[in-house]
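For reference, the structure discussed in these notes is given below.
Only the coordinates and a few stated rules stand behind these numbers; no lab work does. Every value quoted in this text rests on a predicted model; they were computed, and no experiment measured them. Reconstructed Cβ throughout: ideal geometry from the backbone, glycine too, with neighbour counts over all protein chains shown.
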Amino acid sequence: MASLPFVLRSLLRDLKSGELAVLLLALLVAVASLTAVGFFTSRVGRAVTQQAGEVLAADLRLESPRPIAETYDVEAASRGLEVARILSMPSVVFHGEDSSLVALRAVGKGYPLRGRLKIADEPFGAARPTDAIPAPGEAWADSRLLARLGVPVGASLSVGAHTVKVTQVLDYRPDQGAGFGDLSATLMINLADVPATELIQPGSRVSRAVLFAGAPADVAAFREQLKATRQPGERLQAIEDASPQIRASSERAGRFLSLASLVSVLLSAVAVAMAARRYATRHLDNVALMKCMGASQGFVLRQTVLQLVVIAVLVTLAGTALGYLAQAGLAWLLRDLIRSDLPPPGVATAWLGLVTSVTILVGFALPPLLQLKRVPPARVLRRNLEPPPLRYAAVYVFAIGAVLALLYWLVRDPRLVTVVAGGIGATFVALALAGWLLVKGLAPLRRGVGVAWRYGLANIARRGRDSVVQIVAFGLGLMVLLLLALVRDDLLREWRASLPEDAPNYFMINIRPDEGDAVRAFFHERGLPPTELVPLVRARLTAINDVPVDRIRFEGDRAQGFVEREANLTWARTLRDDNRLLAGQWWVDGDDGGARVSVEKEYAERLGLKLGDTVTYDVAGEPVTATITSLREVRWDSFQPNFFMVFSPGVLDDVTGTLITSVHVNPGQRPALVDLVRQFPEVTIIDIDALLSQVRDVMDKAALAVQYVFLFTLAAGLMVLLAAVQATRDERRYESAMLRTLGASRRVVFQGVAAEFTALGLLSGLLAAAGATVAGYFLAREVFNLEYSPDPWVWVIGIVGGALLVGVAGVLAARSVVTQPPAATLRQAQ
Amino acid sequence: MDTVLEAAGLGKQVSSPEGTLAILSDVSLAISRGETVAVMGASGAGKSTLLALLAGLDEPTSGRVHLAGSDLTALDEDGRAAVRARHVGFVFQSFHLVPSLTALENVMLPLELAGRRDARAAALEVLGRVGLAGRVGHYPRQLSGGEQQRVAIARAFVTRPAVLFADEPTGNLDAATGERIMELLFGLNAETGATLVLVTHDQALAARCGRVIRLDAGRVVEP
């Protein structure tokens, strides 16, 4: 009997009368928030997939920190494969006195073998693909590098002992990695220019690679051969090895944003539940009337469900469109971090909107609406007849089930679902408890205030449960924004302040041992503080307790990374001030206990090393084995050269390595750095301030993206407020009419409403500020080991912002209620 | 004579904190096609309960109700709803119009519920008959009380019911308006040959009916 046209007509009537506005808006916020993040992560994910094929710029890539024999090229060429060589290293380029850290990439003829370079004429200008590479004497620079140095295309840059002219802006290279890129800007030069820079010295942090491409069968055969014949330290990468890590990191980021948007979904769902309950109450009479006129229970049920289906479809379409617009904002905020054009999102993401709206409707709107089916028809004669009450257990089962289903759909990991659901549940309970205490705390205030405030505060207390829900909804959104906007800055400042004034701000690496004395003399001559030059030896971990590392399974990506990368070793006679011994003994001068090594705590934990274990390193082709005799804790933010592995004297003394140091340079002494690099071109200077500001830049962008997502949370909070106002509309209208009949002016009634919502806002702000402060304190103490002094601005902005936001929104929403003439209201209420 | 509505031994009890309360006891009556019957009694005498039971809006604790050939007491709620849809119309004291629907849409509602395709034309015709042809697009709040009740009467008659139940149809109206509404109600009743069961306090109104059933403390005192 319930025909679609009839449902559409009655839905249209409800829409016209505004009955469903809050429910629709709340659902819209939920769908838009989740699809915005969904679309964005889908785009990043697809970019990763799309570029996986060219992420090596080749089909096969052989990498090594040491020179790679030419015989590989010859062999590959004889098999009909294309070959290209590249070399990369961190370096510093100068323009006048300005310097910037760069990832220097020297590329040879043929590069890239897969994918194409893109260049532009101006920084951040329109890019076009090219098949060329920089000519000798020329360089292509990243837009960010030019921006950082403040130079245009055509400028000359010093790279080591060489000067190159920037002729193009490098927009894209296939092997730059998709998703969230690395920190340094790229400067691309011709491989033929490398000798002139004099940057390559024994022990330099250089990564060399030979690229191969060709028919799949030829590549596969060559790969097998290389596997058998490659030298130690030579790493072979095929396409299938390259992408998982990038994918994993971009998936992690996407998952995090999804969970952030889930908070808005939860709040919206609460608003939907409130609106649905109100809708059901308002429609009891109508349904009773329809039953009176012959509508069956089945008809009412079908009508309800069909109505929800239509709503789901409409909101999914609108919300998904809104989400699509919103993701463009997210992509724009993160445009610097995502260094490639994002492809359009996958079609599958569009399902996310439908899943969200259906889940919320089934979990939160259906239970109260199902009540309509059970309205007794005799209600038309006796208004006090109501359907049997909702069974709350059933309602909660529906809602919690819906949330868990959505959570699982988002993260697809049962363990994570448990953790996150537990975390969210605990947070909500804690916030609700705090909100409840705040509401209770208002009671004594009622005695000391005027009539308007007393009326407002009385309303908060009377609608206790709804008040708590509203406080929590707003408090949560505000809290996260405060945490990200203010507390994060505070923590960074505290950390900065905890560093000594003269903490080193430059690292110098790649100092040749035979030039150590000359560098020291240069420091002395130019008035730089005396500095300790620490030996650094590059080596590969080959065995633990005589078991080769490739036969050991390590837990986690980091441990695997520690093993795969070349390690930096040093040796020392004494324990540094910024190191603390946790276990074992430091060696005493003169005793001969054989080769011993002291290991940093985290490194030991990751690799599962204990006192008494032996480690074997391949140091320039020679195995060096040492026994672990102590474990250390290192204060890395002393910015002194520190190492995971410190060997006892006599083990590495004769190995050719390099020297490393760090130094505090005053702004006035900076010209000395330029001269240092001119005189010792192989020395790489790393500007710690610049590095930190780059890290900070990335953090800012990421925080901005998270804040953006949490704006939806505020919008969801607004929906909860609207739903609460709507739910109390009839009550408010009647009350205001009564008050005005009793002689209260419109102004007093209005002030009462303003007082109520301002007080609600104050409480949410209070809750938000307290939450952000507690979180800041916890982060400072437990995570960063800092003293945290609470920021008064968190309280000021939280409380004032909350009061304004909620006060204004609430008054606007409830305005029409108090402006109605009382006579009309009282007549209607009869 | 052709009986369209019949009750036998009808009783309704409700449980309350003070024990079981009998609202209606052992009511038996038979109403013929085309008859007009007034149900009178003091407040709390059980008038509305009787109306609800006769119309199948509620279930009796004892006894049986036959309406237009169906045993309402043997049917479930949906079965009774189906009987109402085919044979019954209602007019209420407080009109019970759907506030979000226009006059026309309110009258169309029972036809739409029955899945009738000509709902619009039929509704327009009846609205013309009750003198509201010019106000079909108005919402209830834009109509006077008398006009609202005319819409309700149009809605009740649009399905051409066999039995029309009216619960204090003039109770919320002034005397003159009430008089005009009654003219309309009895006029339409005579025209369509429907049976009219009217609950009222109004002696004058009762006097216009063919028969009066008086209730006192849940029992029929004057058949």
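See the values below:
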item: Estimated FRET transfer efficiency (A:S816, A:T130; beta-carbon r; R0 56 Å; 0.05); result: 0.35
item: Lys/Arg +1, Asp/Glu -1 at C-beta; the protein assembly as shown dipole; positive extreme among A:S156, A:A724, A:L410; result: A:A724
item: Compactness of segment A:530-663 as Cα Rg over 2.2 N^0.38 Å, two decimals; result: 1.00
item: Per-residue Cβ neighbour rank within 10 angstrom, fewest leading, B:T20, A:T684, A:T356; result: B:T20, A:T684, A:T356
item: Peptide B:77-84 - average C-beta neighbours from other chains (10 Å radius); result: 5
item: Convex hull per residue volume in Å³, alpha carbons only, for segment A:334-480; result: 228 Å³
item: Projected label distance in nm at B:R33 and A:A394, using a 7 Å step from Cα toward the beta-carbon; result: 4.3 nm
item: HN-Hα J in Hz across segment B:198-207 - Karplus 6.51, -1.76, 1.60, θ = phi - 60°, x for Gly and Pro; result: 10, 9, 7, 9, 7, 4, 4, 5, 4, 5
item: B:S144/B:F186 FRET efficiency (R0 25 Å; Cβ-Cβ; nearest 0.05); result: 0.75
item: Spacing of the two label points (7 Å from each Cα toward its C-beta) at A:D697 and A:V309, in nm; result: 5.4 nm
item: Order of A:T713, A:T531, B:T170 - criterion: other Cβ atoms within 10 Å of each residue's Cβ, fewest first; result: A:T531, B:T170, A:T713
item: Longest to shortest principal axis, alpha-carbon extents of segment A:651-714, angstrom; result: 62, 38, 18
item: Per-residue HN-Hα couplings for segment A:92-97 [Karplus 6.51, -1.76, 1.60; θ = phi - 60°; Hz; x = Gly/Pro]; result: 10, 10, 10, 9, x, 8
item: Per-peptide average of other Cβ atoms within 10 Å, ordering B:177-183, A:507-513 highest first; result: A:507-513, B:177-183
item: Of the DSSP H helices in chain A, those whose Cα atoms cover at least 27 Å axially and whose Kyte score averages 1.0 or more; result: A:21-52, A:297-333, A:392-411, A:414-441, A:688-727, A:746-778, A:792-819
item: 222 nm mean residue ellipticity, helices alone, for the protein assembly as shown (DSSP H n ≥ 4; -39,500 (n - 2.57); rounded to 500); result: -16000 deg cm²/dmol
item: By average C-beta atoms within 10 angstrom, highest first, the peptides A:757-766, A:798-807, A:409-418; result: A:757-766, A:798-807, A:409-418
item: Residues in segment A:278-314 reached by a label modelled at A:D730 [backbone nitrogen below 11 Å; 7 Å Cα→Cβ]; result: A:278-286
item: Using θ = phi - 60° and Karplus 6.51 cos²θ - 1.76 cosθ + 1.60, couplings along segment A:644-651 (whole Hz; Gly, Pro as x); result: 5, 10, 10, 8, 6, x, x, 8
item: Paramagnetic reach from A:L8 (point 7 Å along Cα→Cβ, amide N under 18 Å) across segment A:308-328; result: A:308-318
item: Residue exposure sequence - B:S15, A:S648, A:S156, A:S261 - by fewest surrounding Cβ within 10 Å; result: B:S15, A:S156, A:S648, A:S261
item: Segment A:45-150, Rg to Rh (Cα coordinates; Rh as Kirkwood inverse mean 1/r); result: 1.00
item: Electrostatic dipole magnitude of the protein assembly as shown [Cβ: Lys, Arg +1; Asp, Glu -1; Cα centre; debye, to 20]; result: 4820 debye
item: Cα-projected label distance for B:Q13 with A:D514, points at 7 Å along beta-carbon direction, nm; result: 11.6 nm
item: Amide H contacts under 5 Å for A:A583, placed H, 5+ residues apart; result: A:L631
item: Cα-Cα over 29 Å, subset of A:K291/B:K47; A:K109/A:K227; A:K118/A:K227; A:K373/B:K47; result: A:K118/A:K227
item: Exercise: per-residue mean of other protein chain Cβ atoms within 10 Å, B:52-59; result: 5
item: Peptide-level mean, for A:373-381, of C-beta atoms on other protein chains within 10 Å; result: 6
item: Translational D in µm²/s for segment A:86-208 (Stokes-Einstein at 20 °C, 1.002 mPa s, Kirkwood Rh from C-alpha pairs); result: 150 µm²/s
item: Interchain or long-range residues, amide H under 5 Å from B:S28's placed H; result: B:G9, B:L10
item: Over the protein assembly as shown: Kirkwood hydrodynamic radius from C-alpha pairwise inverse distances, Å; result: 35.6 Å
item: Amide H contacts of A:R596 (H built 1.01 Å from N, under 5 Å, at least 5 apart or other chain); result: A:T627, A:S648
item: Cα centroid separation - segment A:135-172 against segment A:562-594, whole Å; result: 42 Å
